[in-house]
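These notes are about the structure you will find just below.
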Amino acid sequence: MTVHEFKVEMTCGGCASAVEKVLGKLGDKVEKVNVNLDEKTVTITSNLSADELLEQLRKSGKAVSYVGVKK
């Protein structure tokens, strides 16, 4: 499993919920999701590629950018 970090333009709990909802649709392809509203970051533990996760995150309607692999 790889831990990917993304910057997501979130301003409220509703934004964070929208992000969690789109990632939830990936089911068991995602092991863990951590949404940090204060820092506007999302870390995702998954075997999916960064591009696949980025595509899914964009379905939340938020501006998203890939930060990188977190060690």
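If you compute mean projected area of the Cα convex hull in nm² for the structure shown, which of (i) 11.3; (ii) 4.0; (iii) 12.1 do you land on? Of the labelled values, this structure produces (ii). Partners of LYS25 within straight-line reach, counting lysines whose Cα lies under 16 Å from its Cα and excluding those fewer than 8 residues away in the same chain: LYS59. Charges were assigned to the Cβ only: +1 to each Lys and Arg, -1 to each Asp and Glu. The resulting dipole of the chain about its Cα centre is roughly 60 debye. Shown is the FRET efficiency for LYS70 and CYS12, computed with R0 = 25 Å from the Cβ-Cβ distance and rounded to the nearest 0.05: 0.55. In this label model, GLU39 and VAL22 are separated by 2.1 nm, measuring between points 7 Å along each Cα→Cβ vector.
Hey, what did the chain get for relative contact order, percent, Cα under 8 Å, at least 6 apart?
Details: 116 pairs, mean separation 35.3, N = 71.
Reported as a whole number, the value is 50 percent.
Listed by chain and number, the aspartates and glutamates whose alpha-carbon sits under 20 Å from that of LYS71, ignoring those within fewer than 8 places in the same chain, are GLU5, GLU31, GLU39, ASP51, GLU52.
Computed from the coordinates by the stated procedures, all read-outs in this text should not be read as laboratory data. Model, not experiment: these values are computed from the prediction. When we count neighbours, we look across all protein chains shown, and the Cβ atoms used for this are built from the backbone with ideal geometry, even at glycine.
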